[in-house]
Amino acid sequence: MPKKGKKETKVKGAEKTAAKMEKKVSKRSKRDEEDLEALIAQFQSLDAKKTQVVETKCSPPSPRLSASLSPHPEKDELILFGGEFFNGKKTYLYNDLYFYNIKKKSWVKSEIPNPPPPRCSHQAVVAPQGGGQLWVFGGEFASPNGEQFYHYKDLWVLHLATNTWENIKAPGGPSGRSGHRMVLCKNQLLVFGGFHESTRDFIYFNDVHSFSLDTYSWSRLAPQGLPPSQRSACQMTSTVDGTGVIIYGGYSKVRVKKDVEKGTIHSDMFLLKREGKDGQEKWTWSRVSPSGNKPPPRSGFSFAVGSAGRAVLFGGVRDEEEDESLEGDFYNDLYLYDTTKNRWFPGQLRGNKSEKKKRRRGQKGEAEEEGEAGEEEEAEKPQAPTEIVKEIVSEDGTVMTIKEVVPGAQEEEPEEEPKEEEEDDSAPLVEPCPRSNAMATASQGKLFIYGGMFEVGDRQFTLNDLYSLDLHKMDQWEVLVEIDPKAQEWLEESESEDDDEEEEEAKGAEGEEESEEECEDEEDSKDGEDHPAVKEEETVTDYQNRTEGYWIGLARANMGPDVKDKKVAKVALAMAKVFYEDK
């Protein structure tokens, strides 16, 4: 009994400290948020002038991260809302709404009057009530220079049957925050964690709030037991029976000195369980120790909930300090968590069986004809890890290199398909490039990944590609929207730039980019004339060897002085190859 009492005292003490800190941060950031409220009000006044629903077929949405991607509860569609984009100089926040038709593979932009103001790092949850609803809570708005932040505490619902937004003004909800998590648990929305940051201070949360879809009312839960530490960007998954949620991972930081902050990547897991009848329910926190192969610690990962209680974790980043510089290791791997078995296992792709069998039959026939049985046996051996280097060339000629180590053929989980197809194989599988803060969701047994970002040196690349993966077959990714190099805009700081040029570049980030693209095309063609020319009958290897010094210098100029020579050399080779192939 004394031990239990000590734990309860510790929990209550932590809650009081958090409440004091929350009040302190709220007071300090009030002035900053008042400035941004005026800017947000301008956006809302423009949206208020729209009185009709306008739906337009369109190309894929612009690059973004920290948006929400949700499955339509009634149709074979995905719903994309909000997000942010940073072009090196200016931050853009969105409140646009897109619908992706999974069967037709087409996008529709839907302009509905009186939407929520622009935001990112919010949460969106779909519910089947009333012909389908999309619930949106919280998130943040940043000033264009990225130095001030406004954290929302509003709750909105999009009535999908009638194409109308409604602002739910129920008292007693969570304080303003972003990076929180929200899930549907039976007839209520559960909100956990998140953070609130101003120019002066920050606070992370571990409180839990419930919004009833029956009574449209908020309540703050007071679970028993020791809760997870304060954090944002965790994984939050409802249990199959709907009696609770599972929390995994997340990120938080603390101030260790006046101007020194220390970040922490969490990799622990907790269960928040509900017991008792509605109106008399009790909630309890307990620590969970899953079996299997846990994901390596990371932040910025994406997750979605598939069928049969399986949660899917994708990508993320882990920052490493090296030689007084900060470099991020970005991931594009998959891990699945089985909530019923409390077990992690890696999501390894099997590849296309029919194609593998064809290749194996072809290899076998050649071996018999040429008497090279030894080579066939060598091909059947498990592969050693291989390093794959991918290059993406942006419109301005900058080349980014993504390096990843692909493990060799390994034994799958016991309950998965037999390993007869593990043999292969020469052709690497198509897959999304490593990234963090991508949007993920699952619908009709498929995982969908959209956008996100990764960094090369000091440059940030924001994506607008779309991939899908059949979670039942786990064979291969399908590319639905490819990376658009023209959308990879990055504006470097330059004293020689005048205000007019900056305005034009800013317009390009908002999608008004046709004339901008024409100018860039002309500049690219002029730049191309300065590159070393390709000689007649010269192979790509000969060209790379002959012009290596030039391309290394150009790559170094683009990537900055802190990037390792080995990475610069790989980028240089890729740039030379791209120029050679264009000619």
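The values are calculated or read from the model by the stated rules, or taken from the named source; none is laboratory data. Bear in mind that the values here come from a model prediction, so they are computed numbers and not experimental data. All Cβ positions, even for glycine, are placed from backbone atoms using ideal geometry, and neighbour counts span all protein chains on display. For the accessible areas, the whole protein counts, side chains as well, though only heavy atoms, and no ligand, DNA or RNA atoms are used. Shrake-Rupley method; radii C 1.70, N 1.55, O 1.52, S 1.80 Å.
Some values worked out for this structure:
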{"item": "Inter-residue pairs, beta-carbon under 9 Å, first crowded, with 16+ Cβ neighbours inside 10 Å and in the range 282-299, second acidic (Asp, Glu), 6+ apart", "result": "TRP283/GLU275; PRO290/ASP338; PRO295/ASP333; ARG298/ASP329; SER299/ASP319"}
{"item": "Given (1) closer than 30 Å to ASP458 by Cα; (2) open to solvent by 20 Å² or more (accessible area, probe 1.4 Å); (3) in contact with a Cys (Cβ under 8 Å, 6 or more places away or on another chain); (4) not hydrophobic (A, V, I, L, M, F, W, C), index of the condition PRO60 fails", "result": "(3)"}
{"item": "The range 248-266, subset open to solvent by less than 50 Å² (accessible area, probe 1.4 Å) and over 18 Å from the mean Cα position of the chain (by Cα), residue nearest to LEU190 (Cα to Cα)", "result": "LYS253"}
{"item": "Residues that are within 20 Å of ALA440 (Cα to Cα) and at pLDDT 95 or above, drawn from the range 185-221", "result": "LEU189, LEU190, VAL191, PHE192, GLY193, GLY194"}
{"item": "Hey, LYS50 surrounded by fewer than 22 Cβ atoms within 10 Å (Cβ to Cβ), without any contact (Cβ under 8 Å) to a residue 40 or more places away in the chain and not hydroxyl-bearing (Ser, Thr, Tyr) or not", "result": "no"}
{"item": "Residues being farther than 22 Å from LEU213 by Cβ and part of a strand (DSSP E or B) - total across the range 139-158", "result": "6"}
{"item": "So THR164, is it of a type in the set (Val, Ile, Thr) and without any contact (Cβ under 8 Å) to a residue 12 or more places away in the chain", "result": "no"}
{"item": "Which numbered condition ASN87 fails, given (1) modelled with pLDDT under 95; (2) open to solvent by 10 Å² or more (accessible area, probe 1.4 Å)", "result": "(2)"}
{"item": "Criterion: open to solvent by less than 10 Å² (accessible area, probe 1.4 Å) and small (Gly, Ala, Ser) - qualifying residue of GLY225, GLY193", "result": "GLY193"}
{"item": "Within the range 49-99, tally of residues that are farther than 26 Å from GLY130 by Cβ and of a type in the set (Val, Ile, Thr)", "result": "1"}
{"item": "Residues that are aliphatic (A, V, I, L, M) and at pLDDT 75 or above, drawn from the range 560-571", "result": "ALA569"}
{"item": "Tally of residues being open to solvent by 50 Å² or more (accessible area, probe 1.4 Å) and either of a type outside the set (Val, Ile, Thr) or not in a loop (DSSP other than H, G, I, E, B) (or both) across the range 207-216", "result": "2"}
{"item": "Test for VAL136: is it among the aliphatic types (A, V, I, L, M), assigned to a strand (DSSP E or B) and open to solvent by 10 Å² or more (accessible area, probe 1.4 Å)", "result": "no"}
{"item": "Qualifying residue in the range 135-154 (condition: touching a Pro at 6+ places or on another chain (Cβ under 8 Å), modelled with pLDDT of 95 or more and among the acidic types (Asp, Glu))", "result": "yes"}
{"item": "Output for the range 95-122, where each listed residue is in a strand (DSSP E or B) and open to solvent by 30 Å² or more (accessible area, probe 1.4 Å)", "result": "ASN95, ASN101, SER106, VAL108, LYS109, GLU111"}
